Amino acid sequence: MPEAPRQRGRFAPSPSGPLHAGSLLAALGSWLIARQAGAEWLLRIEDIDPPREQPGAAAGQLATLAAFGLLHDGPVEYQSRREALYRDALGHLLARGKAFECHCSRRDLAVAGGIHRCCVARSRRADPSIRLRVADGCMIEFEDAICGTIRQRVDLDVGDFVLRRSDGLWAYQLAVVVDDAAQGITEVVRGADLLDSTPRQILLQRALALPTPRHAHLPLLLDEDGRKLSKSSAALPVDASAPLATLTRLWACLGQAPLSATASVEEFLQQALRSFVLARVPASVLPTHAAAHNADSAIRA
Ligand code: GLU
């Protein structure tokens with residue numbers, strides 16, 4: 001009998017600053033789900049957007065994860081070293097007419113709310129972007145292990161989306177899909193701020209004939225004013241010198257029953273692995289918000 005495919009999770013931070021509680025929650029949640037299933041847990045630094053990166057941030061993030069006992073398998077991957085894979089995937093889509101060169105500017109698209117359905121460029125540009133063609137009526141539906149059934153009309157809510165930007169940088173959507181497949185990721189567990197990116201990623205997986213992993217989108221942490229903690233805002237970095245207090249807080253955010261007192265991070269995580277119940281994690285969905293990766297919406301069915 002052929003061997004069942006290995007389960008594999010991952011944490012994929014962008015090195016735009018130190019890890020704050022929201023990103024650590026995503027790390028802890030994906031670690032728990034992977035480890036409880038006996039799966040591997042990989043680490044990938046998503047450093048494909050140099051203008052948004054902070055020198056030393058990736059090293060700081062690795063040190064923070066280690067201080068919190070969230071140890072990964074295998075070598076750390078860096079997206080900045082994987083450009084050849086993105087180029088191949090883009091070539092594949094272009095050759096099959098699934099992607100196209102677009103000369104539209106933001107201004108050209110402003111009348112359609114930034115949503116691209118057909119090229120309305122007033123002139124050709126030297127630096128066109130490349131977009132994925134999204135068919136009319138394109139509806140993507142998937143089951144999220146925490147948020148339930150999610151549906152999105154990608155043509156109406158997002159439109160033809162960018163795969164390579166006009167400044168030559170790779171879009172998050174393309175890089176994440178190519179890497180998740182190349183690394184054999186079967187469990188994508190991340191913050192609910194990325195829920196509205198998932199339909200685009202599923203569409204890309206289909207266009208590239210890649211498998212779609214299972215998804216679980218974790219609740220977002222809000223600051224005192226009810227705003228989402230964002231990596232690029234002034235959200236405070238987590239205090240790696242007092243990891244137990246932070247882990248206890250994050251554990252509660254995951255809706256889990258309190259653990260008995262522990263003296264070390266390792267003991268806490270062992271107990272957490274024995275007690276974690278996915279069904280207790282609260283679903284958190286932002287009905288509409290400006291995502292960092294595009295402005296669109298995902299509708300919880
Ligand atoms: N690099 C993305 C971020 O930090 C996360 C990507 C993902 O988990 O799919 O927002």
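The values are calculated or read from the model by the stated rules, or taken from the named source; none is laboratory data. Bear in mind the structure is a predicted one, so any value in this text is a computation, not a measurement. Cβ placement follows ideal geometry from the backbone for every residue including glycine, while neighbour counts extend to all protein chains displayed.
Things worth noting here:
- Which numbered condition ARG206 misses (of (1) outside any loop (DSSP other than H, G, I, E, B); (2) among the charged types (D, E, K, R); (3) in contact with an Asp or Glu (Cβ under 6 Å, 6 or more places away or on another chain)): (3)
- Looking only at region 5-16, and only at residues there that are among the basic types (Lys, Arg) and modelled with pLDDT of 95 or more, the one that is farthest from the ligand (Cβ to nearest atom): ARG8
- Exactly one residue among LEU90, LEU28, LEU71, LEU19 is over 30 Å from ASP167 (Cα atoms) and either within 16 Å of the ligand (Cβ to nearest atom) or in contact with a Lys or Arg (Cβ under 9 Å, 6 or more places away or on another chain) (or both), and that residue is LEU28.
- Within region 203-220, tally of residues that are free of Cβ contacts under 8 Å to residues at least 60 places away in the same chain, within 17 Å of ARG151 (Cα to Cα) and more than 11 Å from the ligand (Cβ to nearest atom): 2
- From the list ARG87, ARG82, the lone residue that is surrounded by fewer than 17 Cβ atoms within 10 Å (Cβ to Cβ) and out of contact with any Phe, Trp or Tyr (no Cβ under 7 Å at 6 or more places or on another chain) is ARG87.
- Residue in region 80-94 that is under 23 Å from THR246 (Cβ atoms) and of a type in the set (A, V, I, L, M) present: no
- Test: residue in region 54-67 that is in a loop (DSSP other than H, G, I, E, B), surrounded by 15 or more Cβ atoms within 10 Å (Cβ to Cβ) and within 15 Å of the ligand (Cβ to nearest atom): no
Here's the yes/no breakdown for (1) in contact (Cβ under 8 Å) with a residue 60 or more places away in the chain; (2) within 21 Å of the chain's Cα centre (by Cα):
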site: ARG125; (1), (2): no, no
site: GLY137; (1), (2): no, no
site: GLY148; (1), (2): yes, yes
site: VAL154; (1), (2): no, yes
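- The residues of region 33-53 that are touching a strand residue (DSSP E or B) at 6+ places or on another chain (Cβ under 8 Å) and away from the ligand (no atom under 15 Å from the Cβ), listed by number, are ARG35, ALA37, ALA39, GLU40.
- Scanning region 81-110 for residues that are touching a residue at least 24 places away in the same chain (Cβ under 8 Å), of a type in the set (A, V, I, L, M) and within 23 Å of PRO50 (Cβ to Cβ) yields LEU85, ALA89, LEU90.
- Lone qualifier among ARG133, ARG200 - being within 16 Å of the ligand (Cβ to nearest atom) and of a type in the set (Lys, Arg): ARG200
- Taking region 143-192 as the range and being within 13 Å of the ligand (Cβ to nearest atom) and part of a helix (DSSP H, G or I) as the test, the residues that pass are TYR172, GLN173, LEU174, ALA175, VAL176, VAL177, VAL178, ASP179, ASP180, ALA181, ALA192.
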